Amino acid sequence: MIKNYTLEELPAIAKEVIKSAKNKVLLFYGEMGVGKTTLIKEIVKQLGSNDGVSSPTFSLVNEYHTVNGEIVYHFDFYRINNEYEALDIGVEEYFYSDCWCLIEWPEKIKNLVPLNSVTITITANSDQLRTIELRNNG
């Protein structure tokens, strides 16, 4: 799937990402400030969580809970120096837990992400318009 969208269309895009994803490990690629965290906030909301969503830049992972008891993990690996830092927090247990795992900066841990994950690439076309490309891997 490749689509252009505006901020007003974000809820529909988030629903489509959830529906299109063949598994629960989503890899978010895009430049700093392109809207990865904004899309993740909307996905978490659409999954049924009322938790406040913020980027886990310093903690590496945030945990959110949905109204139906699901757990959503939100990772941000921007600040790590190597994959061992991700291993230290037990990422493999998270990734294979059958919980939603929404991962910003997955290129920092490319050897650790599950092969059957979903790749989401966001690019900015202008201040208002973004392009999302979603690809199911594996």
Could you give the length gained on full extension between R135 and K3, defined as 0.36 nm per residue of separation minus the Cα-Cα distance, in nm? 46.3 nm
Qualifying trypsin sites (Lys or Arg not before Pro) in the range 69-132, DSSP loop, other Cβ atoms within 10 Å at most 10: K110
Among beta bridges assigned by DSSP with both residues in the chain, the antiparallel ones amount in percent, to the nearest 5, to 55 percent
GNM on the chain, Cα springs under 10 Å; top mean-square fluctuation among E104, E42, E92 goes to E92
Rounding to the nearest 10 and keeping the result within 0 to 90°, find how far the Cα-based axis of helix 36-46 lies from the longest principal axis of the chain. 90 degrees
For the chain: lysine pairs with Cα atoms under 22 Å, gap of 8 or more or different chains, count? 27
First measure r as the distance between the Cβ atoms of M32 and C99, then evaluate 1/(1 + (r/R0)^6) with R0 = 35 Å and state the FRET efficiency to the nearest 0.05. 0.85
Tally Lys/Arg at +1 and Asp/Glu at -1 over every other residue whose Cβ is under 15 Å from the Cβ of S97; what's the total? -4
First select every other residue whose beta carbon is under 10 angstrom from the beta carbon of A86; then total the charges, Lys and Arg +1, Asp and Glu -1. -3
Between Y84 and A12, Cβ-based FRET efficiency (R0 30 Å, step 0.05) works out to 0.15
With a 1.4 Å probe and every protein chain kept in, tell me what percent of the accessible surface of the chain is carbon plus sulfur. 48 percent
Could you compute the net charge surrounding N62? Neighbours are other residues with a C-beta less than 10 Å from the C-beta of N62; K and R count +1, D and E count -1. -3
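The values are calculated or read from the model by the stated rules, or taken from the named source; none is laboratory data. None of these values were measured; they are calculated from a predicted model. Methodologically, a virtual Cβ is constructed for each residue, glycine included, from the backbone with ideal geometry; neighbour enumeration extends over all protein chains shown. Heavy atoms of the whole protein, side chains included, go into the accessibility calculation; ligands, DNA and RNA do not. Shrake-Rupley method; radii C 1.70, N 1.55, O 1.52, S 1.80 Å.
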